[in-house]
Amino acid sequence: MNGTPRIGGDLALEAITALGATAVVGLPGQHALGLFDALRRSSLTYLSSRVENNAGFMAEGLARSTGTVAPLLLSTGPGALTSLAALQEAKLSSTPVLAIAAQVPVAGLGGGRHGFLHELPEQSAAFAQVVKHVRTVRTISQIVPAIHEAWQIAESAPAGPVLVEIPQDILLESADALPAVAHLTSTPQTPAVPAELVAAAAATLSSAERPVIFAGGGVKTPAAREALRELAERLGAPVATTFGGKSAFAWDHPLSLQSWIEDRHTTDALEQADVLLAVGTGLGELSSNYFTLQPGGSFIHIEADLGKVTSNHPGLGIHAAAEDALPAIVDLVSVTDSEARQERGAQWAGSVRERVQQRIDSQPLAKERQLLEGLRAAVASDVDTFWDMTVLAYWAWSAWDPRGGLFASAQGAGGLGYGLPAAMGAALGIEVAGDTRPVLAVSGDGGAMYSIAELATLAQHQLDVTWLIIDDGGYGILRDYMEAAFGASTATELSRPNFVELVQSFGIEAEIVEVADAPQAVAESLAAKGPRVIVVETHLDLFAPTHLDA
């Protein structure tokens, strides 16, 4: 440090750097100034958000991009609490985010009412039902162990967000008597694979005549994906994926049912299986086609989150991570007619995909399909895409083939404003890794207004993000839901700015294009590098639901 005084904030940043962090996101506040002063002495790349909830989404995107824990620096009270919706998304999508929040001085902890600015009786209590773990530091010696502990918990299965609170006076306390933190190792924990349950699952699958596999976001590592492919091919089992698990199984594989899980034909296929293996998914509302899915045969459930294991359907529950359980099952599965099974399974999967497409073809949705198909053709296979809660994203949940890129949306918690900041966090991760891939964000006009302040961040950091805004003059999906349910919509129409002029006022290039021209405009923007915004003014319809008639 060349004689520069070190403080508690330095210890916090040294700890996350020793654990592997290369970048952080956040924004300063009065009680957090010790953290931000320490940034001057840190090698960390800093992304300066404008709103804490957006900073949380940025951290979620950063974690997805880097594949490791993303640090989020917060202040106290209003600053910390504003991040809660983003941390809920991280929790429900199992994304490891380490929130380091400042606190009032130690004298103000414990529920007393001293009148410190931003004081809460128990700030951590507000986070306790949202994150996996909370820890309040009370001495400078606790900073490094608390961060080390939280980091390991964040990346242990199931991964998720954690909170470490550090009081203002601890962040500012001299650390010159303490050595610099240089060597920390994280050892994430995974549930032990129960051998007897794995053996039972393998035996049941080996004897199945019509097995089907339903894979979720928990199938996220290369080892898990490879084991899933090998198991599916050995059994001849068609594979459907949840919206969050799109990358678990190749869409062009003959056994793929893709992600049309809100379509009754896919639900029927899952129900018709004599053995249904669900792995890395809790089979929640969206994944179960709004709880209409009722497995008709044996049910095997592999899930790293113990609270989700067989919580919606009785069966053989295995509390384990997909990357541990699937290879173990593959080793034990024994079939003698794998080629014949694959042929039968591929025919079944193909017939399901055909029926799904026939249903979509029967609806007047040419504009919507041409737009999404055009975007898929225009966007390179390795480009990561981040989708807000908007009609086009609802299409993408089912119809977007992720190919080699990340596909992420806010469908874990379902909050607005996710697309742009999450894409910015991912772009930061790509940048610090030395890569040059652009990132695509997609929002509606309603969701765009949640994150419009981050145009300043986008301009300041010149991140390589193209932002596509579909402007339909309101909350489009809510409008459609209300009109279908009540015959009219209320409070869904919105005044909004001239997006192009607003974006340009930040020094970012922007244009408005017709629907037919949007794919080409997006392709040109992604190729041009740097921040750009494309606006399309149109109303999009969603395909007809099937769960209402189930």
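The values are calculated or read from the model by the stated rules, or taken from the named source; none is laboratory data. These numbers come from a predicted model, not from an experiment. Reconstructed Cβ throughout: ideal geometry from the backbone, glycine too, with neighbour counts over all protein chains shown. Protein only, heavy atoms only, side chains kept; ligands, DNA and RNA dropped before computing areas. Shrake-Rupley method; radii C 1.70, N 1.55, O 1.52, S 1.80 Å.
Points to keep in mind about this one:
- Residue in segment 29-40 that is within 21 Å of the chain's Cα centre (by Cα) and among the polar types (S, T, N, Q) present: no
- Candidates Thr281, Thr267: the one that is more than 23 Å from Ala157 (Cα to Cα) and either in a loop (DSSP other than H, G, I, E, B) or open to solvent by less than 10 Å² (accessible area, probe 1.4 Å) (or both) is Thr267.
- When segment 1-27 is filtered for residues that are touching a Gly at 6+ places or on another chain (Cβ under 7 Å) and assigned to a helix (DSSP H, G or I), the ones remaining, listed by number, are Gly8, Gly9.
- Any hit, segment 185-196, residues being modelled with pLDDT of 95 or more and open to solvent by less than 10 Å² (accessible area, probe 1.4 Å): no
- Residue, farthest from Ala453 (Cα to Cα), within segment 410-428, restricted to residues that are out of contact with any Lys or Arg (no Cβ under 9 Å at 6 or more places or on another chain) and open to solvent by 10 Å² or more (accessible area, probe 1.4 Å): Gln411
- Residue satisfying all of: in segment 525-541; part of a strand (DSSP E or B) and more than 24 Å from the chain's Cα centre (by Cα); surrounded by the fewest Cβ atoms within 10 Å (Cβ to Cβ) among these: Glu537
- Considered as a group, the residues in segment 338-348 that are open to solvent by less than 90 Å² (accessible area, probe 1.4 Å) and not hydrophobic (A, V, I, L, M, F, W, C) include one that is modelled with the lowest pLDDT, and that residue is Ser338.
- The set of residues in segment 38-50 being of a type outside the set (S, T, N, Q) and open to solvent by 50 Å² or more (accessible area, probe 1.4 Å) consists of Arg40, Tyr46, Arg50.
- Test result for Ala544, small (Gly, Ala, Ser), free of Cβ contacts under 8 Å to residues at least 24 places away in the same chain and not in a strand (DSSP E or B): no
- Looking only at segment 73-117, and only at residues there that are among the hydroxyl-bearing types (Ser, Thr, Tyr) and under 18 Å from Ala413 (Cβ atoms), the one that is surrounded by the fewest Cβ atoms within 10 Å (Cβ to Cβ): Thr82
- Of residues in segment 473-488 being in contact (Cβ under 8 Å) with a residue 12 or more places away in the chain and surrounded by fewer than 24 Cβ atoms within 10 Å (Cβ to Cβ), the one farthest from Leu502 (Cα to Cα): Asp480
- For Ala349: the one exception among (1) without any contact (Cβ under 8 Å) to a residue 60 or more places away in the chain; (2) over 27 Å from the mean Cα position of the chain (by Cα); (3) under 22 Å from Gly218 (Cβ atoms): (1)
- Test set (1) under 26 Å from Ser259 (Cα atoms); (2) part of a loop (DSSP other than H, G, I, E, B); (3) open to solvent by 10 Å² or more (accessible area, probe 1.4 Å) - Arg225 fails condition number: (2)
- Any hit, segment 376-386, residues being open to solvent by less than 20 Å² (accessible area, probe 1.4 Å), touching a His at 6+ places or on another chain (Cβ under 9 Å) and either polar (S, T, N, Q) or within 21 Å of Glu524 (Cβ to Cβ) (or both): no
- Within segment 298-337, considering residues that are open to solvent by less than 30 Å² (accessible area, probe 1.4 Å) and part of a loop (DSSP other than H, G, I, E, B), the one nearest to Leu92 (Cα to Cα): Ala304
- Output for segment 206-222, where each listed residue is more than 13 Å from Ser247 (Cα to Cα) and either at pLDDT below 95 or crowded, with 24+ Cβ neighbours inside 10 Å (or both): Pro211, Val212, Ile213
- Answer residue from segment 433-470, given it is open to solvent by less than 10 Å² (accessible area, probe 1.4 Å) and charged (D, E, K, R) and is farthest from Ala393 (Cα to Cα) among those: Glu454
- Scan of segment 387-409 for residues that are surrounded by fewer than 24 Cβ atoms within 10 Å (Cβ to Cβ) and over 25 Å from Gln357 (Cβ atoms), ordered by number: Leu406
- Options Val515, Val522, Val503: the member that is over 27 Å from the mean Cα position of the chain (by Cα) and not charged (D, E, K, R): Val515
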